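Note sheet for the following structure.
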Amino acid sequence: MKKVLLTLLLALALPVAAVAQNIALGERVPEVKVPAWLRGGNPAATPGLTYVEFFHSSNPACTASLEQLRAITDKLGAKLRVVVVTRENEEKISPLLSPFLSRHISVALDTGGRIFSAFNVQYVPFGVLVDSRNRALWMGNSLQLTPEIIEKSSK
């Protein structure tokens, strides 16, 4: 009986979790219209794949995910662009995020929360891998993303 209840609860929870983030794999995702970039910079170069990473400094896993994303972009080079989206103000976030800026990683300042709202982000770290047509290829906890997942998704 417990297994049946657990299975039923999981079946009900999974669609709710997917809706909570407002993303469907294979479907177009909201456009990332960035009001400002960290240090007045520009977005990283645009290859075929972009990973949109949602970040908040209060969560240590977010910083760990940035370390991982830096290693992934070092390995994949121009195949992947990472856009880190934060709702925090530039003065607070700049010392923490500036070391991660590169040709392949840029930081979008979403102080009004419009990008977070468009994606309906409920938890961080969370990210979405999108192709050149702005379709979701992968989504989830950024610490689970690997170069192998990116390579497999891009085929």
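The values are calculated or read from the model by the stated rules, or taken from the named source; none is laboratory data. Keep in mind that this is a model prediction, so the values were computed, not measured. All Cβ positions, glycine included, derive from the backbone under ideal geometry; neighbour counts span all protein chains shown. For accessibility, only protein heavy atoms count, side chains too; no ligands or nucleic acids. Shrake-Rupley method; radii C 1.70, N 1.55, O 1.52, S 1.80 Å.
Return the loop-located trypsin sites (Lys or Arg not before Pro) in segment 61-111 (DSSP other than H, G, I, E, B) with at most 14 other Cβ atoms within 10 Å of their own Cβ; answer none if there are none.
ARG103
With a point put 7 Å past each Cα toward its Cβ, work out how far ALA61 is from ARG114 in nm, to one decimal.
If labels sit at ALA61 and ARG114, their model points lie 2.9 nm apart.
Distances longer than 19 Å among the Cα atoms of segment 55-155: what percent of all pairs is that?
Above the 19 Å cut-off, segment 55-155 has 40 percent of its Cα pairs.
For segment 92-142, would you read off the P(r) tail past 18 Å as a percentage of all alpha carbon pairs?
Tail of the P(r) past 18 Å holds 46 percent of the pairs.
Can you work out the PRE-style zone for ASP74? Point 7 Å along Cα to Cβ, and I want the residues of segment 87-105 with backbone N under 19 Å.
Within reach of a label on ASP74, which here means backbone N under 19 Å from a point 7 Å along Cα→Cβ, segment 87-105 contributes 96-105.
As a test of reading the structure, rank SER117, SER106 by solvent-accessible area (1.4 Å probe, protein chains only), most first.
The ranking, largest first, comes out as SER117, SER106.
Would you mind computing, in nm to one decimal, how far apart the modelled labels at ILE149 and GLU31 are, each placed 7 Å from Cα along Cα→Cβ?
With each label placed 7 Å out from Cα toward Cβ, I get 2.8 nm.
Kindly state, to the nearest 0.05, the FRET efficiency for ALA24 paired with LYS92, given R0 = 35 Å and r defined as their beta-carbon distance.
0.60
Heavy-atom accessible area per residue, segment 38-155, 1.4 Å probe: how many Å²?
47 Å²
What is segment 66-114 by shape, rounded, prolate or oblate, if you read a ≥ b ≥ c off the alpha carbon gyration tensor as root eigenvalues and call it rounded for a/c under 1.5, prolate for a/b larger than b/c, and oblate otherwise?
Prolate, because a/c is 1.5 or more and a/b exceeds b/c.
Sequence-distant or interchain residues sharing an amide H contact under 5 Å with TRP37, placed H: which?
LEU109
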